[in-house]
């Protein structure tokens, strides 16, 4: 049963009861009760109309503010045209509320000393109207009048707002649904349909483990160093090759090479053995040498057991490895590598083991003996290597390169490829909005357990549809690097970052001309700090596999402290900051950060439900819009 039918039923019951009491002559109590019936009815059901009227007043105020802004933006200076523009906008804005009637005779838009003054009234249909309580008659009108007042200075300001939205894994389910609805509502409130002479634009900064800049990443972090072509690969050998005339099928294998000249513990390399092919392209250690023979051991010191090898039929050569280093000399012109750098290989032809598996492709090696065009690498100990065939690429694997090889928390080598996401800026500009050309932001080398989020930033725009479509496409993923989201919320409204999006650039800092605001939203604790673009060992629970974290401390320290410093810096530039902690503990670190970041206590919100979140975003949107309304 709906509310109106319930009220009608209750009213009829009270009316019948009141009629019976009115005819009662047996006592004064009945008379007194009958006299109190109207008041009781109004107290019981009148509250419904009061609540409805209060809600309508908020809606009318929003609609009247928008209409007054439209009239103020118009080029007209006479009241007739100001009235026409204001009324047209107000009628359009009130179409969303069919249960109210605009009192056009009581609605005016006039201009006074460059200020558009607007007043309006609407009628709200009541639910307790037409109540007749014999012999009292009709108590209420069918409609309640509700009014609103607005004043807009024609010397108003432009609006630039950045929404910093948490789309981490903890936002899954109803939370992301609620966030999308609230964010789109704020867009509708802030972005006005008329963009002249003053515009209102919104930027979107979705974040999780970082912020995704897409194709703009290189302009912010710098272009990563790529690869150089591999043109040759040979073994690092010394002396003259010696012919092998015999190789025994014993344990250990005994090699015969007349006048070989090797010493015990030398490391030698054998190639071309027919029959006993198990000897080919492998390093061995010399032991028990004579002038013409020697036994062969593995580099690890174990006998090479030849009892199950094929019979040797000739053609092998043996040669000593340079400085007992059976490394491979790679030729790659102008490679730019230095000794002890890491290098990564792709698409190299040849250099395969006995299982036909490449010993270099998809692997990382320390660089040695670097010259301008060559360097050496050491493949895994004891593995056979076929000759180099052709092609291939050598990639540097240091910070700033496409690949980055590092030691993880367990001391093991790990390598990640750079992504289009970005992380904290370090150094002197860590907490400034200096142009990225003069202070690059942090790179991101993500692991597979916490990859770069898919949602990209959206620069400032007045295209409501584009903004809401972007919000609708958000998918929850990743951990919480809120400090990075805060930084990019600032950058989105900073004119210093305009080279990243010249067609959607922010206005210069001038509070008299442009209001700049950042809305920061999160649902959890910041748990993802970085070191050299990789999640540091200080990353908290939920920030990915520890095997993919670098074994160093965060470059900028605690992420909450980073966030506070970033907020302080942006507020010092005159940016208004609002903060929203969705379903977070009021006494936690996240709430403490949000309180600190908010420009005023009134700018800090702690919504506990989806409805509360929607109300918080709507209140923020109204406050931002009304900041350029004088009264």
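The values are calculated or read from the model by the stated rules, or taken from the named source; none is laboratory data. Quantities reported herein were computed from a predicted structural model and do not represent experimental measurements. When we count neighbours, we look across all protein chains shown, and the Cβ atoms used for this are built from the backbone with ideal geometry, even at glycine.
For segment 410-428, the set of residues classified as assigned to a loop (DSSP other than H, G, I, E, B) and at pLDDT 95 or above consists of 418, 419, 420, 424, 425, 426, listed by residue number.
What number of residues within segment 555-580 are under 19 Å from residue 624 (Cβ atoms) and outside any loop (DSSP other than H, G, I, E, B)? It would help to see each step written out before you state the result.
Looking only at segment 555-580, we keep the residues that are under 19 Å from residue 624 (Cβ atoms), and these are 567, 570-571, 573-580.
Those still in the list that are outside any loop (DSSP other than H, G, I, E, B) too: 567, 570-571, 576-580.
Selection size over segment 555-580: 8.
Condition check for residue 336 on (1) in a strand (DSSP E or B); (2) over 26 Å from residue 254 (Cα atoms): one failure, at (1). Candidates are the residues of segment 281-291 that are more than 18 Å from residue 379 (Cα to Cα) and touching a strand residue (DSSP E or B) at 6+ places or on another chain (Cβ under 6 Å); the one that is surrounded by the fewest Cβ atoms within 10 Å (Cβ to Cβ) is 288.
I need the full set of residues from segment 353-372 which are under 15 Å from residue 333 (Cα atoms) and under 40 Å from the mean Cα position of the chain (by Cα), in order please.
Within segment 353-372, 367, 370 meet the criteria.
Is segment 480-488 home to any residue that is assigned to a loop (DSSP other than H, G, I, E, B) and surrounded by fewer than 24 Cβ atoms within 10 Å (Cβ to Cβ)? Reasoning before the result, please.
Let us first name the residues in segment 480-488 that are assigned to a loop (DSSP other than H, G, I, E, B), namely 480-481.
Right, trim to surrounded by fewer than 24 Cβ atoms within 10 Å (Cβ to Cβ) and you get none.
Within segment 480-488 (the criterion being assigned to a loop (DSSP other than H, G, I, E, B) and surrounded by fewer than 24 Cβ atoms within 10 Å (Cβ to Cβ)), the answer is no, since none of the residues qualifies.
Across segment 105-140, which residue is modelled with the highest pLDDT among those that are surrounded by fewer than 13 Cβ atoms within 10 Å (Cβ to Cβ) and part of a strand (DSSP E or B)? Selected residue: 105. The numbered conditions (1) in contact with a helix residue (DSSP H, G or I) (Cβ under 9 Å, 6 or more places away or on another chain); (2) surrounded by fewer than 17 Cβ atoms within 10 Å (Cβ to Cβ) are all true for residue 566 except (2). Looking at 257, 243, just one residue is within 30 Å of residue 348 (Cα to Cα) and more than 60 Å from the chain's Cα centre (by Cα), and that residue is 243.
If I filter segment 65-83 down to residues being within 14 Å of residue 150 (Cα to Cα) and out of contact with any strand residue (DSSP E or B) (no Cβ under 6 Å at 6 or more places or on another chain), which single residue comes out as surrounded by the most Cβ atoms within 10 Å (Cβ to Cβ)? Filtering first and then ranking leaves 67.
On the given criteria, is residue 275 out of contact with any helix residue (DSSP H, G or I) (no Cβ under 8 Å at 6 or more places or on another chain) and more than 22 Å from residue 352 (Cβ to Cβ)? Against the criterion (out of contact with any helix residue (DSSP H, G or I) (no Cβ under 8 Å at 6 or more places or on another chain) and more than 22 Å from residue 352 (Cβ to Cβ)), residue 275 does not qualify.
Yes/no matrix, rows are residues, columns are (1) closer than 22 Å to residue 365 by Cα; (2) part of a strand (DSSP E or B); (3) in contact with a strand residue (DSSP E or B) (Cβ under 7 Å, 6 or more places away or on another chain); (4) in the same structural domain as residue 559 (by the TED database):
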| position | (1), (2), (3), (4) |
| --- | --- |
| 375 | yes, yes, yes, no |
| 449 | no, no, no, yes |
| 459 | no, yes, yes, yes |
| 469 | no, no, no, yes |
| 476 | no, no, no, yes |
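The condition (being touching a strand residue (DSSP E or B) at 6+ places or on another chain (Cβ under 9 Å) and either closer than 30 Å to residue 498 by Cβ or in a helix (DSSP H, G or I) (or both)) is satisfied by just one residue among 399, 379: 399.
Within segment 573-600, the set of residues being surrounded by fewer than 19 Cβ atoms within 10 Å (Cβ to Cβ), without any contact (Cβ under 8 Å) to a residue 40 or more places away in the chain and more than 23 Å from residue 61 (Cβ to Cβ) comprises 585, 586, 587, 591, 592, 595, 596.
Of 555, 545, which residue is within 30 Å of residue 587 (Cα to Cα) and surrounded by 19 or more Cβ atoms within 10 Å (Cβ to Cβ)? Full working, then the answer.
Details: 545 fails: surrounded by 19 or more Cβ atoms within 10 Å (Cβ to Cβ).
When all the criteria are applied, what remains is 555.
Screening residue 400 with (1) modelled with pLDDT under 95; (2) under 39 Å from the mean Cα position of the chain (by Cα) gives one miss only, at (1).
So is residue 278 in contact (Cβ under 8 Å) with a residue 24 or more places away in the chain, surrounded by 17 or more Cβ atoms within 10 Å (Cβ to Cβ) and assigned to a helix (DSSP H, G or I) or not? Here the answer is yes, as residue 278 does meet what is asked.
When you look at residue 431, is it at pLDDT 95 or above, part of a loop (DSSP other than H, G, I, E, B) and in contact with a strand residue (DSSP E or B) (Cβ under 6 Å, 6 or more places away or on another chain), yes or no?
Numbers: at pLDDT 95 or above: yes; part of a loop (DSSP other than H, G, I, E, B): yes; in contact with a strand residue (DSSP E or B) (Cβ under 6 Å, 6 or more places away or on another chain): no.
No: the conditions fail for residue 431.
Across segment 196-218, not a single residue is classified as out of contact with any strand residue (DSSP E or B) (no Cβ under 6 Å at 6 or more places or on another chain) and within 30 Å of residue 358 (Cα to Cα).
Figure legend. Inter-residue proximity from segment 135-150: first residues farther than 30 Å from residue 114 by Cα, second residues at pLDDT 80 or above, beta-carbon distance below 8 Å, spacing 6+ or different chains. Indicated pairs: 143/101; 143/123; 143/124; 144/123; 144/124.
Considering each of 620, 584 in turn, give the residue that is touching a strand residue (DSSP E or B) at 6+ places or on another chain (Cβ under 9 Å), closer than 20 Å to residue 180 by Cβ, part of a helix (DSSP H, G or I) and assigned by the TED database to the domain that holds residue 200.
On the way: 584 fails: part of a helix (DSSP H, G or I).
Going through 620, 584 in turn, just one is touching a strand residue (DSSP E or B) at 6+ places or on another chain (Cβ under 9 Å), closer than 20 Å to residue 180 by Cβ, part of a helix (DSSP H, G or I) and assigned by the TED database to the domain that holds residue 200: 620.
Residue count for segment 77-104, restricted to those that are within 19 Å of residue 156 (Cα to Cα) and assigned to a loop (DSSP other than H, G, I, E, B): 2.
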